[in-house]
Every structure is written in C-alpha cells, then in structure tokens.
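K.L.:
Dumping the structure here so I can ask a few things about it.
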Amino acid sequence: MKRRAFISLLGCTAAAWPLAAGAQQPAMPVIGFLGAGSPGPFAPQVAVFRQGLAEAGYVEGRNVTIEYRWAEGQYDRLPAMAAELVHRQVAAIVTFPIPAAIAAKAATATIPIVFNVAGDPVKLGLVAGLARPGSNATGVNSFLAELGAKQLGLLRELLPTAARIGLLVNPTNANVEGVTKDVTTAAATLGLQIDVVQASDSREIEAAFATLVRNKTNALLIGSDVFFSSRRGQLATLTTRHSIPAVQNVREFAEVGGLMSYGTSLTEVFRQLGVYTGRILKGAKPADLPVVQSTKFEFVINLPTARALGIEIPPTLLARADEV
C-alpha cells in the first residue's frame, strides 16, 4: 500500500511540474547605464531617458531593471565598469559621452550599445556608417564637440573688440584634439588668439582660471566634456568672480549663472536613447538602427550675469536666443 501511494504521489507531482514551470514569470531584462559624469547633475537627463523607455513600453522596476555605473569624471574607471556590465550579461549598455562609448565598445562586440556621443561616431570607430551602423552599437550624435566655431562666433559678436579667447579642455577626453583643432582653425579666420588651458579635476579648473587671469584673457569657450558639465556651477562662479564672459554647450550652465550656452537639446537626445534602447529590447538590431543626428539646438543668455559682468547684450543676439 505504501509503495502504491508513493507512486501515485510521484505521478501527481510530475504532472504538476509543467504547470509550475509555465507559471514562472520571465526574468526582467537588465540595462547597463554607463555614465562618465556624476549622477546628481545628470538626474534630469536620466529621467528623460526613462521617459523614452516608457514610450517603448518599458518601465524601470516593472518590466526592466537598470544598473547605473558613474565614473564621476574619472574616465580611467570606465573600462572596468564596462567590463563589469558585460560580466553581468546585461541586455544592452547605454553610454554617454565619448569615453564611455569607447570603453563599452572595447568591452563587447555582442551586447547592444546605445550611445550619446558629441562627435562623429564613424571617425570614433563606433560604427561603420550612420545609415547602417553595421555593428553592435548605435545611438545619437549630439554634435556638442563640433560647435566650437559657432560658439566662438557668438563670443566675437558679443565682444567685437576681444582679441584673446581662452579654450578650456579636458586632456583625458578622446575628443580633445578635435575640439582644439576646430576652435583654433575658426579663431585664425577671425583673427583671434586662442589660449588653451586644461583641467581634469576641480583643483585644475581653479588653476586654469588663474592662468586665464594672468594672460588677461577676454573671454572663455568651455570645451565639450561631461566633467565640465558636471562642474558647471563651479565654472559659472569662477567666470563671474574673475569677470570672464564664457559660453558652454549645455543650457544648464546659463541656468546656474553662466553667461551663455549654445548646444544640442539634451532632453531630446536622452529621450531618443530611451526609445532606441526599448526597440532593441524588443528585438531590433543596433546594426540596422541608423545613428540619429541632433537637429534641435538651444541658445540661452543669462541677463543678470551679463549685468554683473557689465556687458550689454547686442539686440541681434537677444533676438536669436531661444531663452533669455
């Protein structure tokens, strides 16, 4: 009797196994988010990224998990962080800016990468072409590193008698040579002298401004770099303290007290990152998703800062500004 009862119980249990297996919920996909900056200053952009994901049907904590890695401006940490996400076997890696994209690309040739880069992704070796990336990477070219000539023109229009312009760059950024070349070439056509100063941490930013003051620099162009975006408050304070009119490529610089900003709308960029990531989670291949090229640019002027610097903004600049 005991043997028959055991066999009967075993049969019932075995019959229940397929039902239990069918009732299991599939594991949520995990997205790796690799940022070269700090989480605080980029919280608004991350929120917009999540909105883009939601447009594609994915909500963090409900049907997708996001693992964040932030290098805090220390770009040499990015390769190890990218390798960690690859080891975690995430479904996709979202990166910004250029150093993070390069680190992720070096870490994996199979896991999809969705990037936001400021320069040409073809020249950076991330994709074979813009229309058909042909690899495991695609994303958005925000052109932030390619706007130096335009920003220099705005400074010249603001200060027509200025002859000496400072250019602040981060020597650890992969795009530093391109940014420097573009600005110096544009300066030569305008008859301007460019003083290049470098900084990769807060202490070096202070030292760079001491150099600008010593050189009697008339104005400052802050090069495209996520570390500088993270330190926009410090930069705005120093430009006012030392009476150096400055332009940066993110509108948040003007919002925290900087004089002017001209650059791509990061809101649209990060929304697109979310949308593309969602499409990849649904099965789209990065090789077939064209690189999106930003078309929306913002010009912002801070009038209280202009008054503090004793500068009168020309009516032509005020008329072209998207926000004053």
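The values are calculated or read from the model by the stated rules, or taken from the named source; none is laboratory data. Just so it is clear, the model here is predicted, and its values are computed rather than measured. Positions of Cβ are backbone-derived with ideal geometry, glycine not excepted, and every protein chain shown enters the neighbour counts. Surface accessibility is based on the protein's heavy atoms, side chains included, excluding ligands, DNA and RNA. Shrake-Rupley method; radii C 1.70, N 1.55, O 1.52, S 1.80 Å.
K.L.:
Which count do you get for residues in segment 255-265 that are at pLDDT below 95 and either farther than 29 Å from residue 156 by Cα or open to solvent by less than 20 Å² (accessible area, probe 1.4 Å) (or both)?
P.N.:
Residues meeting the conditions: 3.
K.L.:
Quick check on my filter: what residues within segment 270-279 are crowded, with 24+ Cβ neighbours inside 10 Å and of a type in the set (A, V, I, L, M, F, W, C)?
P.N.:
270, 273
K.L.:
Taking the conditions exactly as written (among the hydrophobic types (A, V, I, L, M, F, W, C), farther than 16 Å from residue 155 by Cα and open to solvent by less than 50 Å² (accessible area, probe 1.4 Å)), does residue 187 satisfy them or not?
P.N.:
no
K.L.:
Further, regarding this structure: I want to confirm something. Restricting to segment 74-95 and keeping residues that are open to solvent by less than 10 Å² (accessible area, probe 1.4 Å) and within 22 Å of residue 250 (Cβ to Cβ), which single residue is nearest to the chain's Cα centre (by Cα)?
P.N.:
Once the filter is applied, the top-ranked residue is 95.
K.L.:
Let me ask something else. What's the total number of residues in segment 147-157 that are open to solvent by less than 40 Å² (accessible area, probe 1.4 Å) and part of a helix (DSSP H, G or I)?
P.N.:
6
K.L.:
Considering only residues that are among the hydrophobic types (A, V, I, L, M, F, W, C), open to solvent by 20 Å² or more (accessible area, probe 1.4 Å) and touching a residue at least 60 places away in the same chain (Cβ under 8 Å), which ones fall in segment 112-136?
P.N.:
130, 131
K.L.:
Considering each residue of segment 280-324, count those that are open to solvent by less than 20 Å² (accessible area, probe 1.4 Å) and in a strand (DSSP E or B), and give that number.
P.N.:
Qualifying residue count, segment 280-324: 3.
K.L.:
Restricting the search to segment 273-318, which residues are without any contact (Cβ under 8 Å) to a residue 12 or more places away in the chain and among the acidic types (Asp, Glu)?
P.N.:
312
K.L.:
Those residues that are part of a loop (DSSP other than H, G, I, E, B) and either β-branched (Val, Ile, Thr) or over 15 Å from the mean Cα position of the chain (by Cα) (or both), I need them from segment 125-146; list them, please.
P.N.:
Selection gives 125, 126, 127, 128, 129, 130, 131, 132, 133, 134, 135, 136.
K.L.:
Could you grab me the full set of residues in segment 202-222 that are in contact with a helix residue (DSSP H, G or I) (Cβ under 8 Å, 6 or more places away or on another chain) and closer than 18 Å to residue 71 by Cβ?
P.N.:
202, 205
K.L.:
Let me ask something else. Which residues, counting only those in segment 205-233, are open to solvent by 30 Å² or more (accessible area, probe 1.4 Å) and not acidic (Asp, Glu)?
P.N.:
Passing the criteria: 207, 210, 211, 213, 214, 215, 216, 218, 231, 232, 233.
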